[in-house]
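Right, one structure below, let's go through it.
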């Protein structure tokens, strides 16, 4: 099939090459590189910066909550802090985290290609990411945004005082970075696989990354359009969402969550892929139920597009819609459960080594199961009425997002691609940690 | 110090049972996963001499088993949660109607008898109460944890929420949708009073007129009566007997004239035009505040009930 179409020069050459780290030391050689590993490291450095900015905001949120009246003494500051924490962590850290670092680094190695299908577009998407990130940082330095990361209208379009437009433009630009990255992965996985590497022979990480890429390409444009409309409404008072101008605030929520719910799977799917790679390696066994794990990723990506309404059970959508979305939300939890059981099946009768990546991966299972089970409470309609908009929800997604993230990108970096079907073990496995 | 939320409405216990059931299922799954995790990790550690024997090859049967088991449990939980939810969306017809208007950052409450208060709500014991919620500005959310109920309060759209309080006391009221700088302070209290106490409270806070009477004054003041009376200069539909009855629209469809329809018709008169009438009514968006709209709606409702024998 597509294997036949691969041009000759894309096989890894036999001759000895300079390692990507030795190949030029100037700033220029980094900023103009089209090498997927160097771009992965550029991303790694930049998302780490954003992680610390977002983390600082989180620390200040907790600091404010030390005293009942608020240690920061100002509701405005506090509101700006949690908005900044949300925006940075979601769009500048969690969404890009695994795909652009481990994905960039590993996809070509795992499929046996020299680089991604579009190396220059890969570099472009890093620049877009930086441009978007700079806009958001600028919005923060200029005084911040106080709408919450969800930008609900009409608060964000008519009432909020902060630099909403600037932040929205930043998110808009990073969206294009996501789309291009997703596109790059999809094309690479379709067209550049080594001869003989059929879909079912791909490393399992690629299945989850492929599913992630599909979400990136299909959902991000919806967010971009929504934010564009929000900006139009804020600047030119075009009535789209604000009822004062004849719009519908629920329309915004529908469009926003149509992206932002799948975005949750953008954050977690690659992590599941990493864990599905690590557990077999350190159990010295094949992954139990490879095909089921692979298709679980795909079904999460597909069903994930039809569950956005569970963010709106108390928001004023019709009861019929809520019941439907509740059922679909339970459905999307099934593939996740399948994955957990398959990971346990992999451990069964293995030779389990307790290296650092494995400890992280086992920790991931624990946290993910807690996060997933609390999700059941929120999918059950009547329970959600009570629990919605409370700390229960915050705990639920932080279990999955923060804890799970820390538990999978670290082992992911440590393991690198020690095991990738067909590709040999390389020295770079620890490289991301060195920078 | 108390560790549990009071259950102060008839629905609260049902929700607590559901949450308890979910907790039980979760604990069972969590127990299973953690048990297997620790059991395998210890039993099959790499230096354990235990014989591994045949490794389970055919995974299909396992996969189908746990997929179906998960689906069945989830489906049960779905049915349970949805049934309670649908109940929470069907107010009984005889419910006492109280109007709540949210604005940055306060709750304004208006009673049918014309009583008004801010950031506090008084309801009678063991009586179904239906709140009609509207927002003056951004999205708010009316949340009473002791009743296990909440609903977003939207601008330009009526939402309703009903409950039957079954325990005397004063409970917290929160806004739980972030609504701007003063969001955290947008709190209040809900006081449940026994029947006689409630009547006493109503009369102690009595006003010049009921909500409908005040609405009647506004009906003239805003010029509604100029057209909507029988001898009006412009042909407009009569509002007598309108409330609760089906209205044929110019696009061929029919709606029931409930609170939301009447409010919409005042704010956006050209959206749903009554069949055989011209869309000539101006919008009162920005002219009449939500708290006055509530009075007009109450007035039109009173017209309806007077006409019917």
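Volume per residue of the convex hull around the Cα atoms, evaluated for segment B:58-181, comes out as 160 Å³. The long axis of helix A:36-64 is offset from the longest Cα principal axis of chain A by roughly 30 degrees.
Peptide B:174-183: average number of partner chain Cβ atoms within 10 Å per residue? That average works out to 6. Just checking the listed ones, A:253, A:22, A:317: in the Gaussian network model of chain A with Cα springs under 10 Å, the one fluctuating most is A:22.
Springs between Cα atoms under 10 Å define the GNM used for chain B, and in it the highest mean-square fluctuation of B:184, B:146, B:212 occurs at B:184. The alpha-carbon atoms of segment A:162-290, seen along their principal axes, cover 62, 27, 22 angstrom, with the largest extent given first.
Listed by Cβ neighbour count within 10 Å, with the fewest neighbours leading, B:293, B:153 appear as B:293, B:153.
Shielding value for A:159-170 is 1, the average number of Cβ atoms from other chains within 10 Å of each residue's Cβ.
Is segment B:1-40 best put as rounded, prolate or oblate by its Cα gyration tensor, with a ≥ b ≥ c the root eigenvalues, rounded for a/c under 1.5, and otherwise prolate when a/b is larger than b/c, oblate when not? It comes out oblate by the Cα gyration axes. Let a ≥ b ≥ c be the square roots of the eigenvalues of the Cα gyration tensor of segment A:340-405; is it rounded (a/c under 1.5), or, if not, prolate (a/b larger than b/c) or oblate? Verdict is oblate for segment A:340-405. Normalised by residue count, chain A yields a Cα convex hull volume of 155 Å³ per residue.
If you wrap segment A:243-289 in the convex hull of its Cα atoms and look at it from every side, the mean projected area works out to 4.2 nm². A viscosity of 1.002 mPa s and a temperature of 20 °C, combined with the Kirkwood radius over Cα pairs in Stokes-Einstein, give a translational diffusion coefficient for chain B of 92 µm²/s.
Relative to the longest principal axis of the Cα atoms of chain B, the long axis of helix B:290-307 makes an angle of roughly 70 degrees.
Sorted largest first, the principal axis extents computed over the alpha-carbon atoms of segment B:153-215 equal 37, 33, 21 Å. Rg/Rh, computed from the Cα trace of segment B:198-309 with Rh as the Kirkwood radius, has the value 1.00. In percent, rounded to a whole number, the relative contact order of chain B is 16, using alpha-carbon pairs under 8 Å and six or more apart. When the P(r) of segment B:1-104 is calculated, the portion above 22 Å amounts to 62% of the C-alpha pairs. Over all distinct Cα-Cα pairs of segment A:151-230, the Kirkwood formula returns a hydrodynamic radius of 14.6 Å.
Hey, got the average number of other protein chain Cβ atoms within 10 angstrom for residues in B:89-98?
1
When its C-alpha radius of gyration is set against 2.2 N^0.38 Å (N residues), segment A:89-132 gives a value of 1.22. Computed as a quarter of the hull surface, the mean projected area of the alpha carbon convex hull for segment A:214-260 stands at 2.9 nm². Specify the inter-centroid distance of segment A:272-309 and segment A:168-201, based on alpha-carbon positions, in whole Å. Going from one Cα centre to the other spans 18 Å.
Peptides A:119-129, B:195-205 ranked from most to least packed, by the mean per-residue count of other Cβ atoms within 10 Å: A:119-129, B:195-205.
Can you quote the Å³ per residue value for the convex hull of the Cα atoms in the protein assembly as shown, rounded to an integer?
Roughly 191 Å³ of hull volume per residue.
If you wrap segment A:17-66 in the convex hull of its Cα atoms and look at it from every side, the mean projected area works out to 4.3 nm². Ranked by the mean number of other Cβ atoms within 10 Å per residue, highest first, peptides A:223-232, A:199-208, B:283-292, A:85-94 order as A:85-94, A:199-208, A:223-232, B:283-292. Scoring A:373-379, A:134-140 by mean Cβ neighbours within 10 Å over their residues and listing the highest first yields A:373-379, A:134-140. Taking the square roots of 5 times each eigenvalue of the Cα gyration tensor of segment A:248-340, largest first, gives ellipsoid semi-axes of 32, 13, 8 Å. Comparing B:159, B:110, B:271 in a Gaussian network model of chain B where C-alpha atoms under 10 Å apart are linked, the largest mean-square fluctuation is found at B:271. From helices alone, the protein assembly as shown scores -17500 deg cm²/dmol at 222 nm; the rule is -39500 (n - 2.57) for each run of n ≥ 4 DSSP H residues, then divide by the residue total. Looking at the calculated P(r) for segment B:212-266, what percent of the C-alpha pair distances fall above 18 Å? Tail fraction, whole percent: 38. Note on segment A:77-224: Cα Rg divided by 2.2 N^0.38 Å, N the number of residues, gives 1.19. Rounded to the nearest 10 degrees, the inclination of helix A:356-379 to the longest alpha-carbon principal axis of chain A is 40 degrees.
Taken together, the values in this text are just the output of simple stated rules run on the coordinates, not laboratory data. Keep in mind that this is a model prediction, so the values were computed, not measured. Cβ coordinates were reconstructed from backbone atoms using ideal geometry, including for glycine residues, and neighbour counts include every protein chain displayed.
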